[in-house]
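One structure is given here, and the rest of the page talks about it.
The values are calculated or read from the model by the stated rules, or taken from the named source; none is laboratory data. Every value quoted in this text rests on a predicted model; they were computed, and no experiment measured them. For neighbour counting, all protein chains shown are included, and Cβ atoms are generated from backbone atoms with ideal geometry for every residue, glycine included.
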Amino acid sequence: MKFKINRDHFSSGLQQVLNVVGSRATMPILSNVLIEAKDGFISLTTTNLDLGIRCRVVAEIQESGALTLPVRKLFSIVKDLPSLEVELESHTNHQAKITSGTSIFRIMGIGADEFPPLPDFADEHSFVLPQGDLLRMLKSVSYAQSTDETRFIMNGVYFNFEEGKLTLAATDGRRLAVTSREMEVSPDNLGSLILPAKTVGEVERLLGQGDQVRIAFNERQVAFEISVGGEGKEGGLSESIYLVSKIVEGNYPNYRQVIPKETDLHVKLNRESFANCVRRAALVTSEKSNSIKVRVHDNLMEVTGSSSEVGEANVSLAIDYSGPDVTVAFNPGFLIDPLKALSRDEIIFEFKDELSPGVIRTQDSFLCVVMPLRLN
Amino acid sequence: MTQRRIIHIDMDCFYAAIECRDDPAVADKPVGVGGSSGRGVLTTCNYIAREYGCRSAMPVFKARELCPHLVLKPVRFEVYKAEARKIRKIFRDFTDLVEPLSLDEAFLDVTETPGYAWQIAREIRKRIFATTRLTASAGIAPNKMLAKIASDWRKPNGQFAVLPEEIAAFMETLPVRKLWGVGPKSAARLAEWGVETCGQLQAWTHTRLHAAFGEKWGDTLYDLCRGRDERPVEVSRPRKSLSTENTFNRNLETLDACRAQLPTLLGDLDADLRRQPSVRNFHKVFVKLKFANFRTTTKECPATTLDEALFQRLLEEAFERSPHSVRLMGVGVRFAEPALPDRDQLQFDFAS
């Protein structure tokens, strides 16, 4: 294998696949990137056996072939090469010689035949949607995923392609974020999956480099084909980035039943003002007493925080409200997370009593249900 | 590999012993702890109750049949946990390598602790009794499996050691049922082949074990029946931070020279983070410098990613703290405390 490539193209390609490396000491090949040179491109592939990513970068191929090299080391070398012109040539014993300007590196690799191939699979369901939309949807729910490994079914984002719409949901048992978007889904294409948290992070990172993303899945795996345009193309990336991942197997909890139905008590709020109130009140809370109280009465919302270590805070906001006097305590982070992730200015905040969840809603079919903390 | 010294400490009827301690009136009666309703099961019971045939996990009605005057105490988990904390604190005075198996038993690796393991075990049991008025039994051996078997040998309130040179003789007559991982099912299968003791099982070749139990379990059994067990004592206490550092051959005189070291250190730290058994979010990052005069300083700030620019800033501030050159530089992260279940936080009820 021998090819010439632009340094910045090479490093931007490596950057796409860099995060996916295996941690198993027994399989050092998983710390490597598979480089395959053919037909005017090199393709770069990494996998940790649960998740794999592949991208293609333009290159001047002088001799096609394949080799694997330690991806992190390769990335730090390529990033630091002195000249934009880089030549990579494979030698016997799986060595690679990298030449750029007056620098020459010889890097030990592992044969390409030992690299576990990304799984091919028959996609039973397949959808195309704009990358921007999917990215917004993911970001508006992904913070609510559980990180508690004992609740693995919640360690991911739930995708449900149902009649006429795509719904995304995430919950950790204390809060639930749900968003949906209208979409044509033919009856034989209905289906759902749980995307693992690690994959959610990678998909969020890769989205936004082009127009469309294609999602295909079956009962065990999901693939994202993320088209590359504009900036990505200028960076030497070609066509699309391909990501394939295992899915979390099991039944997602029936989250719909915990969404409160009655909506008699609610206030319209400016998203940023509300977030600021909560953030300020939370400044005096401590790890031990991480809670704030939200009280609404007589056209006023008061958000208070206190801890024995620091002191007290009382932040108020004028609102349009004439209902009963209600106080509910929340973990401030659980309110700030959705408020930060949203982009609309106006939100609706619903509540009922001190033991019932609070709900943040927007006009565009987003909602976040937050369970309260017991008032002492 | 040096010969390890492992102690297995097993509290004697832990829950029941606490109940008897706290209510001396029942101390000489058969006492069970567990479900007070007619349908519950015994969590555990004291030795007097065991003489009647009561066992843990036995339905309460069954236990009452065997022992009509059984005193049943409700489970007081918080109390047991508090006692377990005191006991673990004692362990840590002897070694950091403590692997709790449950509230009432733990493995200790005392290879590096000065003194005879036998004396250490005796001292630990003495201190447990002085602190909690509860008795413990101990097993001392070169590995976890043997230590656990040994702690059962002189129960209650006793200890037993299997010395390296005694292993062969000890295993010869040991029933296979005592081996780690050999349950009633495996034992029954072995019995069909006429194998009752580890000595008899030792006659089996790898090939025969593979055929009977599969390759992986077969290999494990081959070692276990010879008293071999390489499993380390695993400290489950989650680490609070992770860092990597480098002591330089020649002290670094300038800030620029220090800056030049950052990418390598961060690369190593990043690699170490990826090698962690599970993904954990960190909430702080820090830079540590040790100066030529051996004074150490650490500068940290909140962050959730390894941002090189941020480390540069921390480095600058740390560097400014001393006029001396730098002999050691380190970078690291501090992990967020695993969230304790918050009793005040209400949870969704997904069931039904």
**Study point:** Which numbered condition B:ALA339 fails, given (1) surrounded by fewer than 17 Cβ atoms within 10 Å (Cβ to Cβ); (2) at pLDDT 85 or above; (3) under 21 Å from B:LYS240 (Cα atoms)
**Key:** (2)
Review point. Can you spot a residue in the stretch A:245-254 that is under 22 Å from the mean Cα position of the chain (by Cα) and either in a strand (DSSP E or B) or crowded, with 21+ Cβ neighbours inside 10 Å (or both)?
Key: yes
**Study point:** Single condition B:ASP229 does not satisfy, out of (1) exposed (fewer than 15 other Cβ atoms within 10 Å of the Cβ); (2) outside any helix (DSSP H, G or I)
**Key:** (1)
Point to revise | Among (1) surrounded by 14 or more Cβ atoms within 10 Å (Cβ to Cβ); (2) on the phi < 0 side of the Ramachandran plot, the one test that A:SER103 misses | key: (1)
Review point. Here are some residues: B:LYS73, B:LYS89. Which one is free of Cβ contacts under 8 Å to residues at least 40 places away in the same chain and touching a helix residue (DSSP H, G or I) at 6+ places or on another chain (Cβ under 9 Å)?
Key: B:LYS89
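Can you name the residue in the stretch A:155-194 that is hydroxyl-bearing (Ser, Thr, Tyr) and more than 11 Å from A:TYR255 (Cβ to Cβ) and is also farthest from the other protein chains (Cβ to nearest Cβ) among such residues?
A:SER186
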Review point. Hey, any hits in the stretch B:308-319 for a residue that's modelled with pLDDT of 90 or more, in contact with a Gly (Cβ under 7 Å, 6 or more places away or on another chain) and more than 14 Å from every other protein chain (Cβ to nearest Cβ)?
Key: no
Review point. For the stretch A:73-87, what are the residues that are of a type in the set (A, V, I, L, M) and in a helix (DSSP H, G or I)?
Key: A:LEU74, A:ILE77, A:VAL78
Point to revise | Complete set of residues in the stretch B:5-42 that are surrounded by fewer than 20 Cβ atoms within 10 Å (Cβ to Cβ) and under 30 Å from B:LEU108 (Cβ atoms) | key: B:ASP12, B:ARG21, B:ASP22, B:ALA27
**Study point:** Considering residues of the stretch B:272-297 that are among the β-branched types (Val, Ile, Thr) and surrounded by 15 or more Cβ atoms within 10 Å (Cβ to Cβ) only, the residue modelled with the lowest pLDDT
**Key:** B:THR297
Revision key, fill the gap. Taking the stretch B:273-290 and keeping residues in contact with a strand residue (DSSP E or B) (Cβ under 6 Å, 6 or more places away or on another chain) and more than 25 Å from A:GLU287 (Cβ to Cβ) leaves B:LEU289, B:LYS290
Practice item. Identify, from the list B:THR173, B:THR197, the residue that is free of Cβ contacts under 8 Å to residues at least 60 places away in the same chain, touching a strand residue (DSSP E or B) at 6+ places or on another chain (Cβ under 7 Å), surrounded by 12 or more Cβ atoms within 10 Å (Cβ to Cβ) and of a type in the set (Val, Ile, Thr). Key: B:THR197
**Study point:** helices (runs of 4 or more DSSP H) within the stretch B:27-108 that include 3 or more residues within 26 Å of B:GLU123 (Cα to Cα) and over 24 Å from the mean Cα position of the chain (by Cα)
**Key:** none
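Please go through the stretch B:241-256 and pick out each residue that is touching a residue at least 40 places away in the same chain (Cβ under 8 Å) and either among the acidic types (Asp, Glu) or under 16 Å from B:GLU308 (Cα atoms) (or both).
Keep residues of the stretch B:241-256 that are touching a residue at least 40 places away in the same chain (Cβ under 8 Å), which gives B:241-248, B:251-253, B:255.
Within the stretch B:241-256, B:SER243, B:THR244, B:GLU245, B:GLU253, B:LEU255 qualify.
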Exercise for review: Considering every residue within the stretch A:52-72, establish whether at least one is touching a residue at least 12 places away in the same chain (Cβ under 8 Å), surrounded by 22 or more Cβ atoms within 10 Å (Cβ to Cβ), part of a strand (DSSP E or B) and in contact with a Pro (Cβ under 9 Å, 6 or more places away or on another chain).
Suggested key: yes
**Study point:** strands (runs of 3 or more DSSP E) (entirely within the stretch A:257-376) containing at least 2 residues that are touching a Lys or Arg at 6+ places or on another chain (Cβ under 7 Å), closer than 30 Å to A:LEU134 by Cβ and within 14 Å of chain B (Cβ to nearest Cβ)
**Key:** A:366-370
